[in-house]
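As C-alpha cells, the structure follows; a few thoughts come after it.
We did not get these values from a lab; they are worked out from the coordinates using the rules stated. Note that the coordinates shown come from a computational prediction; the quantities given were computed from them, not determined experimentally. For neighbour counting, all protein chains shown are included, and Cβ atoms are generated from backbone atoms with ideal geometry for every residue, glycine included.
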C-alpha cells in the first residue's frame, strides 16, 4: 500500500483523518463519468499556456525520493509519474469498467497460464534528452531497482519475476526472467507464478524505464535536474524540500499512446510548481491566501471548501477504511464467534459515521474492494448494512449458544489521527444492542507493527491500492500468506484457492467472478473483516482558474491534462 | 576567565555524550521495530522482505553495543551518517538546515531583545499606567497562546484576509516557505524575502519576548528602588542616564540568565514555528525525523542543538562579568 506521506505522511491522512469525499449521490453523475480519465471532449476547448502552483501534493510534508525506483508515497509518485511513463496505464474513463491500456507498450500477450508476458514497445518514443526508449531501458531499470545495495522499499515487487528473488538476495547478477530485445522491440518477462493481472501491475512506478544516463546513478540522481525520464514533464531545476518544479518534456507526445487515454500532444500548462508544506492547515491557508491554484481538503474545512471551490470529492479513490479482526482472539475470532462478528457488523451505522465524522463525504462500503478496481461489484457484503434488529438477534443467538463476553471488546486505533469519533460511534452502536466495547487508542508510531504482531483484537486499518487490481485487496490483505504471514489470523483454504485460480485466469470476467466468490467467503461466510467506508478525492480548486482537474482512483492527478481556464 | 571558559568547553564533551547516548538508547527502547518504523510501519503493514533489507542496510539487527560504538566512532570524526529515509548525508542536511534556522533565529532574537527589553523597561518606568496594564495582558497572552495557534492566526490575518480583501501583492505576507531565499550580509532579507520572514520570526519570538518583557519589568522595578539609583539622581544625572546606565545595566543580570535559559524554549518553539511556516530549518527537520524515526538525522541535529545550547550558556555566563564587574569568573564564583 502506498503512503501519501509519512507522518506526513500520507496515508495517515487518508487513512486516518477526516478528509474527503463526497457521497455518491453527488451533484451530477453524468459529469463525473465524463470527467474521469481526462475527458477528451472537454479537452478540445482547453488551451496551452500558463503556470500552476499546486499546494496539495506535498501538503503533508516533503519528499524522500522522487526517483520512481525508490519512491514510496503517493505524493512522491505524483512527480515520478509525471516524469516517467510506464508500459501501461489504467483508463478510468468508464469508472465501472476501468481497463488497462498501453502507454509505452503498444501491445502485450501472455502464454496460456499467464507466466510469460511479452510487451511490444512503441517505436519513436524518447527520453527528454532525446535518447530512445527501448526494451533495454526497462531491463536497465529493473536491474538497477533490484540491486540489493540500492533497492527501495518496493523492490520486493521484482520477486514477481523468475530469478528476481535471487537478484534481490545477491545470488544473481541479473533477473533471469526479464529479457529485452531492442531489435524486435520486445520485453519478455517470465514470472515466478501465474499472474493474469500483470499488465496492471507493470504500470506501477517502480517499473518505469530508465535512460542510459541513469546507469550507475544512486540516490544523488534524484536530487538534481539530471533525473530525466520519458514522461510528459521534466524537472526544471534541482528539486528541493521547498518546491519541485516541472516543465513540459518537448520529446513527449501523448497522442502516441492509446487513444482511449485521451492524452494531449503536450501538457497544457507551461510550468507546475509543487510547493511543500509541513502542515496541512498551513497548506490550506496558503490556498486561501491565493498562493496557489490547487489545494488539499483538510479536516474540519470540508464544508468551507465545498461552499467556495470545486473539489474532487466525487472522484472515487482505490482505498478502504475497515476494521481488522484477529481471528485467533478467543473473544471475537474463529468460527465459534461468527455470530458475534455478524452482530457487530450489522450494528454499525456506517451512514452515521459518514455524516457525523466525515461531513457526509465518504462512500459507505458494501465490500472491501472499492469502485474503480476492474471487476468491482457493489453489495458483496451481506452484513454491512445497518440493521440493529438483525444484529440484536445474531448476538442473542451467539449468547444462546453458551457464549458470553466477560469484558468489553477492545477496539484499537492509532491515536490522534482522527479515528476517535469513528470508534466512539461504533461503541455507542454496539452498546445499543448490548455488546460492551471500549476504545483502546494506541501510539500512532507503532500502531501497525503492534497490531500485526498479534496485538489486534478489533483494530482499525486502511489500505490504498498499490496498483488497480482486485488481488491487491484480496490477496495482499487476506490470503494466508498475506503481509508476511497474515498475523491477523485469517486463513481459509477455499478463499486462498479461489484467489490463486483468479490470479492465473486471463479471462477478465471469469477472474472477476472468482474474486467475487472469494470476497463473499471473506465477508459473509467467515466475516473475517468489517468494511466501513471507501475513500474519495481530496483536491480543491477554483474552477474559474483551473480546468480539467480530475483525481484518478490511484489518487493521482493526470497533470498533462490539467489546464488553466484562462491561460 | 580563560581557564573558566576552557573548563566549561570541556564540560560540553560529557554533556553531548550523555545526551546523544540517551537518545540513541531511547530510540531502541521505544516500542516497535525500528526497521518497521523506518519503512513507514506507522501507517501500513510492511513486507518482511523490505524489513530484512532495511535491517541489513543499516545494521539494525546487529547487537546494540556494536551499533553504539560504531555510531560514536563515526561521530567523533564528524561523520554523522546518512538519513534512513532519503539516504542523504546528515552533514549535508545539517549544513542546509542550520543556515535557514540561524537566519530565522537571528531575527527572532532581534525582536526578542528590542521589543522585550523596551516593553519591559517602559512598563517598569510607567508602572500601573495603561500601557503597563496592556503590556501585562499582552505578555500573558503571548506566553499562553501556543506558537502554532498564533501562527495560524497570523496567517489568517496577514495573508488570507488581505487576499480576500484584494490588498496589493506587496501588502500580503506569505503563509509559508522560505521564498526566494535572497539575503544580504547573510541575514538581511532582500527583495520579496521579508514577506516570507516576518510571520515566522514574530511567531518564534513571541513566547520568549513576552517572558523577557516580564522579566525586564520585574527586574527594573527592583532596581529602580535601589539606593544607588537615588544616589545617581542626587548626583544630578539626567533621568535617561539614570535608567539606562545605572538601572538597566543592573537589571540585566537576571534577564541575561533568562535569555540563556530561553534558548531551550526557543528550540521547542522553533520546532513548531518552522513546521507551521514550513521554514526549512533544524526545528522542522527534527520534528520530521522524530516522526520518521530517522535516527541518524535526529542524532546529528540534536548534536548541533546541544552544542549550540552549551555555547549560548557559556556566552551568557561570561557576559555576567561584563554586566557586573564584581563577578570574577573562574576565581571567586564559589565564594
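Going by average Cβ density within 10 Å per residue, which order do the peptides B:206-215, A:119-128, A:510-519 take, highest to lowest?
With the highest mean Cβ count within 10 Å placed first, the list reads B:206-215, A:510-519, A:119-128.
Using alpha carbon coordinates only, what is the Rg to Rh ratio of the range B:56-98, with Rh defined as the Kirkwood radius?
Checking Rg against Rh, the ratio lands at 1.01.
Would you mind ranking B:319, A:554 by Cβ crowding within 10 Å, fewest neighbours first?
Ranking B:319, A:554 by Cβ neighbours within 10 Å, fewest first, gives B:319, A:554.
Which whole number gives the average count of other chain Cβ atoms within 10 Å of the Cβ atoms across peptide B:119-126?
0
Relative to the longest principal axis of the C-alpha atoms of chain A, give the angle of the C-alpha long axis of helix A:493-504, reported between 0 and 90° and rounded to the nearest 10°.
Around 20 degrees separate the two axes.
Please state, rounded to one decimal and in Å, the Kirkwood hydrodynamic radius that the protein assembly as shown gives when every pair of distinct Cα atoms enters the mean of 1/r.
29.9
In percent, how large is the relative contact order of the range B:174-219, given Cα pairs closer than 8 Å and 6 or more residues apart?
It comes to 31 percent, rounded to a whole number.
At a temperature of 37 °C and a viscosity of 0.692 mPa s, determine how fast the range B:126-187 diffuses translationally according to Stokes-Einstein, using the Kirkwood radius over alpha-carbon pairs as Rh; express D in µm²/s, rounded to the nearest whole number.
Translational diffusion coefficient: 226 µm²/s.
Among B:249, B:225, B:88, which one shows the biggest mean-square fluctuation in a GNM of chain B, springs joining Cα atoms closer than 10 Å?
Result for chain B, Cα springs under 10 Å: B:225 fluctuates most.
Based on the mean of other Cβ atoms within 10 Å per residue, sort peptides A:545-551, A:249-255, A:526-532 so the most packed one is first.
A:526-532, A:545-551, A:249-255
Where the centre of each part is set by its Cα atoms, how far does the range B:165-228 sit from the range B:49-73, in angstrom?
Distance between centres, Cα-based: 44 Å.
Could you list B:157, A:134, B:23 in order of exposure, starting from the residue whose Cβ has the fewest other Cβ atoms within 10 Å?
B:157, B:23, A:134
Rounded, prolate or oblate: pick one for the range B:55-207, where a ≥ b ≥ c are the square roots of the eigenvalues of its C-alpha gyration tensor, a/c under 1.5 means rounded, and failing that, prolate if a/b is larger than b/c, else oblate.
Note, shape of the range B:55-207 comes out prolate.
May I ask what percent, to the nearest 5, of DSSP beta bridges between residues of the protein assembly as shown are antiparallel?
Antiparallel bridges: around 80 percent, rounded to the nearest 5.
Which of the three applies to the range A:120-228, rounded, prolate or oblate, going by the alpha-carbon gyration tensor with a ≥ b ≥ c and a/c under 1.5 meaning rounded?
It is oblate, given that a/c is not under 1.5 and a/b is not larger than b/c.
Can you put A:447, A:257 in order of Cβ neighbours within 10 angstrom, beginning with the fewest?
In order of increasing Cβ crowding within 10 Å: A:257, A:447.
Please report the relative contact order for chain B, taking Cα pairs under 8 Å with a sequence separation of at least 6, and give it as a percent rounded to a whole number.
Worked out over chain B, it gives 25 percent.
Over the Cα atoms, compute the radius of gyration (one decimal) and Dmax (the largest Cα-Cα distance, rounded to a whole number) for chain B, in Å.
For chain B, the Cα-based Rg and Dmax read 23.8, 83 Å.
Please give the Cα centre distance for the range A:382-416 versus the range A:424-459, rounded to the nearest Å.
13
From other protein chains only, count the Cβ atoms within 10 Å of every residue's Cβ in B:172-181, then give the mean.
5
Along each of the three principal axes of the Cα atoms of the range A:285-433, give the extent in whole Å, ordering the values from largest to smallest.
64, 35, 27
What distance in nm lies between label points placed 7 Å from Cα along the C-beta direction at residue A:259 and residue B:18?
According to this spin-label approximation, the distance is 7.7 nm.
Once both labels are modelled 7 Å past Cα along the beta-carbon direction, what's the residue A:400-residue B:143 spacing in nm?
The two pseudo-label positions are separated by 6.8 nm.
Using a 10 Å cut-off on Cβ atoms, rank the peptides A:411-421, B:3-13 from the highest mean neighbour count down.
Final packing ranking: A:411-421, B:3-13.
With only alpha-carbon atoms in the gyration tensor, what are the semi-axes of the equivalent ellipsoid for the range A:415-567, in Å, largest first?
After scaling each eigenvalue by five and taking roots: 32, 26, 15 Å.
Quick one: grab Rg to one decimal and Dmax as a whole number for the range A:173-287, Cα atoms only, in Å.
Rg then Dmax for the range A:173-287, in Å: 18.1, 54.
How well do other chains shield peptide B:284-294, expressed as the mean number of their Cβ atoms within 10 Å of each residue Cβ?
Other-chain Cβ atoms within 10 Å of each residue's Cβ, averaged: 4.
Regarding the range B:212-301, what are the three Cα extents along the principal axes, ordered largest first, in Å?
64, 22, 17
On the Cα set of the range B:146-249, report Rg and Dmax in Å, please.
According to the Cα coordinates of the range B:146-249, Rg and Dmax are 20.8, 59 Å.
Please report the equivalent ellipsoid semi-axes of the range A:106-155, computed as sqrt(5 x eigenvalue) of the Cα gyration tensor, largest first, in whole Å.
Semi-axes, largest first: 22, 21, 7 Å.
Once you've got the GNM for chain B with C-alpha springs shorter than 10 Å, pick whichever of B:320, B:71, B:228 has the biggest mean-square fluctuation.
B:228
Dividing the Cα radius of gyration by the Kirkwood radius, what Rg/Rh value follows for the range A:315-401?
Rounded to two decimals, Rg over Rh is 1.01.
Can you quote the Å³ per residue value for the convex hull of the Cα atoms in the range A:55-207, rounded to an integer?
Dividing the Cα hull volume of the range A:55-207 by its residue count gives 136 Å³.
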